[in-house]
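Novice: Handing you this structure, nothing more for now.
Laboratory data are not the source of any read-out in this text; all were calculated from the coordinates shown. It should be emphasised that the depicted structure is a prediction, and the values quoted were computed from it without experimental measurement. With ideal geometry, Cβ positions are generated from the backbone for all residues, glycine too; neighbour counts draw on all protein chains shown.
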Amino acid sequence: MSELNSEAYAASKDGILALTHALAATLSADAIKVNTISPGWIAINEVDHQQHFSKRVGKPSDIAKGCLFKRRRTMIS
């Protein structure tokens with residue numbers, strides 16, 4: 001998210017990704033997989049869609065589909 005005053009959000013989001021990559025590398029020797037889901041803007045009501053420039057933001061079901069996809073793929077790490 002590149003918006004004004006979003007430095008803490010951006011740093012924490014990228015920090016989670018870096019931690020995920022590091023853990024995946026470290027734990028791969030033990031056949032342990034590490035993944036993350038990093039959604040952007042998720043709507044909880046219709047106004048959220050209207051406020052976004054694309055007029056469509058993510059829904060909780062989109063996140064659920066991503067989780068199921070990662071769960072079913074044995075080669076993802």
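Novice: State, to one decimal in nm, how far the label point of residue 27 lies from the label point of residue 72, with both points 7 Å from Cα in the Cβ direction.
Specialist: 2.3
Novice: At 0.36 nm per residue, and after removing the present C-alpha to C-alpha distance, how many nm does the segment from residue 4 to residue 18 gain when stretched out fully?
Specialist: Working: separation 14, 0.36 × 14 = 5.04 nm, distance 2.29 nm.
Once the chain is fully extended between residue 4 and residue 18, it gains 2.7 nm.
Novice: In nm, what is the difference between 0.36 nm times the number of residues separating residue 61 and residue 11 and their Cα-Cα distance?
Specialist: Working: separation 50, 0.36 × 50 = 18.00 nm, distance 2.59 nm.
The span from residue 61 to residue 11 would gain 15.4 nm if fully extended.
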